[in-house]
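Working notes, beginning with the structure itself.
The values are calculated or read from the model by the stated rules, or taken from the named source; none is laboratory data. Because the structure is predicted, anything quoted here is derived from the model rather than measured. Glycine gets a Cβ as well: all are built from the backbone with ideal geometry, and neighbour counts include every protein chain shown. Keep in mind that these areas ignore ligands, DNA and RNA; they rest on the heavy atoms of the full protein, side chains included. Shrake-Rupley method; radii C 1.70, N 1.55, O 1.52, S 1.80 Å.
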Amino acid sequence: MENLDAVREDWLGQIAAAGNADALEQLRVSILGRSGQLTALLKTLGGLAPDERKARGAALNQLKGVVEEALGAAKQKHDRAALDQRLKEERIDVTLPVRADIDGRVHPISQTIDELIAIFGEMGFTVAEGPHIEDDFHNFTALNIPPEHPARQEHDTFYLTPRAADGSRKVLRTHTSPVQIRTMMSGKPPIRIIVPGRTFRSDHDATHSPMFHQVEGLVIEKNIHMGHLKGCLIEFCRTFFDVDDLPVRFRPSYFPFTEPSAEVDIGCSREGGGLKIGAGADWLEILGCGMVHPKVLANCGLDPTEYQGFAFGMGIERIAMLKYGIPDLRTFYESDLRWLRHYGFLPLDVPSLVSGTR
Ligand code: 2NL
């Protein structure tokens with residue numbers, strides 16, 4: 001029978017000499033694997049006399065333990081060395097200046113969404129998202145939009161081919177409101193969310209795109225009133241357009257899902273052909289808003305005598321065009337790199353209320 005001391009010294013020597021994790025793994029297989037050397041030794045036990053088998057078996061098991069421990073320790077050593085090497089090679093100097101040769105840009109829509117998140121985030125809003133393909137209930141019915149409303153017509157909305165057994169059709173959401181409906185139905189107030197995202201309407205001309213972006217906001221709590229709506233939206237307009245004394249006007253309006261409803265205008269001047277946001281004789285419509293209609297709250301399982309709230313919505317392309325002086329809506333989706341280099345933002349121009357939202 002083989003002398004196990006010599007075998008052990010041989011194997012431990014090989015383990016110590018293995019140069020990397022791969023060599024170590026090969027060794028492990030060649031010793032402990034299914035057709036490994038130690039496995040072969042264990043198989044010889046069956047041919048031994050009982051007391052011989054007992055002593056030899058114990059010795060082989062002890063050897064197995066020693067080998068496993070040595071393999072484990074060596075593997076740890078190699079893993080640690082490999083990690084040290086990677087940390088050394090992949091070290092990033094975060095104090096280096098921005099590389100001048102990077103000419104990727106953040107699209108103005110993405111930048112504007114990041115600004116909205118920074119501004120409303122500071123006021124305690126979180127971001128909610130939902131599906132682009134919606135059903136009639138979440139896109140229309142829950143929002144108190146009547147069956148005869150023009151938005152429901154074939155002509156204005158993208159309907160998908162019916163798939164369900166009942167013949168009902170899905171729609172490409174025409175606003176981001178279904179996300180608010182889902183939020184109200186699945187959670188309890190207080191709710192304070194903004195919902196930026198893509199929306200779809202069957203409309204295509206110089207000022208309308210079949211796909212465009214909206215941001216809507218929703219606040220539902222006990223004792224929320226129109227004063228909260230006004231304070232929140234005046235603060236938003238002044239921060240977004242970076243004009244401290246920006247005049248803001250609330251004009252009565254109508255939406256099926258809010259009551260009362262208002263449109264918000266900001267002061268501007270249009271002297272000499274150019275548009276200037278800030279004080280001036282003219283007004284510019286920025287967004288729509290209102291107190292959430294009691295029927296909408298009830299449709300979402302909320303008791304309108306217990307909870308109130310306000311909501312608002314605006315087009316992201318529109319406010320981006322106004323803020324950044326982009327004259328043509330269609331250019332947003334042309335993927336023209338010259339346009340993006342001109343109107344886009346450097347990746348490190350991250351909007352925040354400290355660094356400024358522009
Ligand atoms: C606009 C006006 C608005 C809302 C959107 C809303 C959503 C729910 C309940 C009540 Cl779930 N209201 N959204 C309210 C008022 C105006 O958008 O001009 N958008 C471009």
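Accessible-area rank, largest first, for 219, 248, 127: 127, 248, 219, with all protein chains present and a 1.4 angstrom probe. In units of the compact-protein estimate 2.2 N^0.38 Å, the range 195-263 shows a Cα radius of gyration of 1.36. Convex hull volume of the C-alpha atoms in the range 115-246, normalised per residue: 143 Å³. Beta bridges from DSSP with both residues in the chain: antiparallel share about 95 percent, rounded to the nearest 5.
In loop segments of the range 84-123 as defined by DSSP, the GluC sites (Glu not before Pro) with at most 15 further C-beta atoms inside 10 Å of their C-beta are 90.
With q set to 0.09, 0.11, 0.14 Å⁻¹, the log10 of I(q)/I(0) for the range 1-151, from the Debye formula over equal scatterers at the Cα positions, is -0.64, -0.70, -0.88. Normalising by residue count, the chain has a Cα convex hull of 283 Å³ per residue.
Rolling a 1.4 angstrom probe over the range 142-272 with all protein chains present gives an accessible area of which 51% lies on carbon and sulfur atoms. Relative to the longest principal axis of the Cα atoms of the chain, helix 50-89 runs at roughly 40 degrees.
Debye-formula intensities of the range 224-264, expressed as log10 I(q)/I(0) at q = 0.16, 0.22, 0.31 Å⁻¹, are -0.44, -0.75, -1.08 (one equal scatterer per alpha-carbon, no solvent). The modelled label-to-label distance for the pair residue 160/residue 202, using points 7 Å beyond Cα in the direction of Cβ, is 1.7 nm.
In terms of Cα atoms, the Rg and Dmax of the range 85-166 work out to 23.0, 68 Å.
Its Cα centre serving as origin, the chain has a Cβ charge dipole (Lys and Arg +1, Asp and Glu -1) of approximately 740 debye.
On the beta carbon distance between residue 242 and residue 348, with R0 = 25 Å, the FRET formula returns roughly 0.80. Solvent exposure of residue 113, expressed as accessible area, is near 30 Å², computed with a probe of 1.4 Å over the protein chains only. The angle separating the long axis of helix 226-240 from the principal Cα axis of greatest extent in the chain is about 70 degrees. Report the paramagnetic label zone for residue 84: residues of the range 9-33 whose backbone N is under 18 Å from a point 7 Å from Cα along the Cα-to-Cβ axis. Those under the cut-off are 16-22. Ordered by 1.4 Å accessible area with all protein chains kept, 234, 102, 109 run largest first as 102, 234, 109. The base-10 log of I(q)/I(0) for the range 208-315, evaluated at q = 0.12, 0.20, 0.22 Å⁻¹, reads -0.47, -1.05, -1.17 [Debye formula, identical scatterers on Cα atoms, solvent excluded]. Nearest 10 degrees is fine. How inclined is helix 108-122 to the longest principal axis of the chain, computing both from alpha carbons? Helix 108-122 sits at roughly 90 degrees to that axis.
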